[in-house]
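Notes follow once the structure below has been shown.
Every number here is computed from the coordinates shown, using simple stated rules; none is lab data. These numbers come from a predicted model, not from an experiment. Here the Cβ positions follow ideal geometry from the backbone for every residue, glycine too, while neighbour counts run over all protein chains shown.
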Amino acid sequence: MNSDPGDELGYYPRMQSAVEALLILKGIIGEDDVGREIEVMAARDYRRGAKMVVRAWTDLQYRSRLLDDGSAAARELGLDIGLLNLTVLENTQQVHHVIVCTLCSCYPRALLGIPPGWYKSREYRSRVVSEPRAVLAEFGTELPAHVQIQVHDSTADLRYMVLPMRPAGTEALDAEALAELVTRDSLIGVGLARDPG
């Protein structure tokens, strides 16, 4: 792809730079706008999604609203998610959900931040669909044989987030301590919430 071996920028970074320059030249955005947007996106990480999980773990009415309309539930907590159409899937003792985007890397960035490299990899996108139990095991997530694994494919119009099961023995923990148990991987479904012990 890189026609000039001495060129340090690949095709996509060069394309991004050209589009940015054109938008600035046309007066559509200012020079500082791109940097500000990058800072905003970099400040977003999975803790925004964890905030929703903790609320669902501690408030059954919110949990019901979250599972009914994830986008509205995010906004209810003051989380700016733009036009994101979010469906939240609840893990149970019988069913474990895992998220993928088989075509590209559709991901709820507004709630989980920038997707990890493995999420975008061709290997993950193809294997998690055909052999989800094996892929989860590679992440250290061993599920009992009776647990059904459901793989959900994100699209440009619909993003998913997993509501992991609340770990046992966490009844006395406050919201801050509970949030520490939620991981990015548990929100994607390749991992579980951390054990408090």
Rank Ala179, Ala168, Ala21 by mean-square fluctuation in a GNM of the chain with C-alpha springs under 10 angstrom and give only the top-ranked residue. Ala21
Hull surface over four for the Cα convex hull of the chain, reported in nm², is 14.0
Taking the beta-carbon count within 10 Å as an exposure proxy, list Lys51, Lys120 from fewest neighbours to most. Lys120, Lys51
In degrees, nearest 10, range 0 to 90: what is the angle between the Cα axis of helix 11-25 and the longest Cα principal axis of the chain? 70
Here the Cα Rg-to-2.2 N^0.38 Å ratio for the stretch 104-144 is 1.27
Enter the per residue convex hull volume of the stretch 112-188, computed from alpha-carbon coordinates, in Å³ rounded to the nearest integer. 128
Would you mind checking which residues have amide H under 5 Å from Met165's amide H? H placed 1.01 Å from N; only 5 or more apart, or other chain. Asn91, Ala193
Quick query: amide H of Thr183 versus all other amide H atoms, modeled in the peptide plane; which residues come in under 5 Å with a sequence gap of 5 or more or a different chain? Arg194
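Using 1/(1 + (r/R0)^6) with R0 = 35 angstrom and r between the beta carbons of Ala21 and Asp68, what's the FRET efficiency to the nearest 0.05?
Calculated transfer efficiency: 0.20.
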How far, in degrees from 0 to 90, does helix 47-58 lean away from the longest principal axis of the Cα atoms of the chain, to the nearest 10? 20
Find the cysteines in the chain that fail to meet the 4.7 Å Cβ criterion with every other cysteine, and list them. Cys104
Short version: ³J(HN,Hα) in whole Hz for each residue of the stretch 118-134, in order, from phi by Karplus 6.51 cos²θ - 1.76 cosθ + 1.60 (θ = phi - 60°), x for Gly and Pro, what are they? 5, 5, 8, 5, 4, 4, 4, 4, 8, 6, 5, 6, 8, 9, x, 5, 5
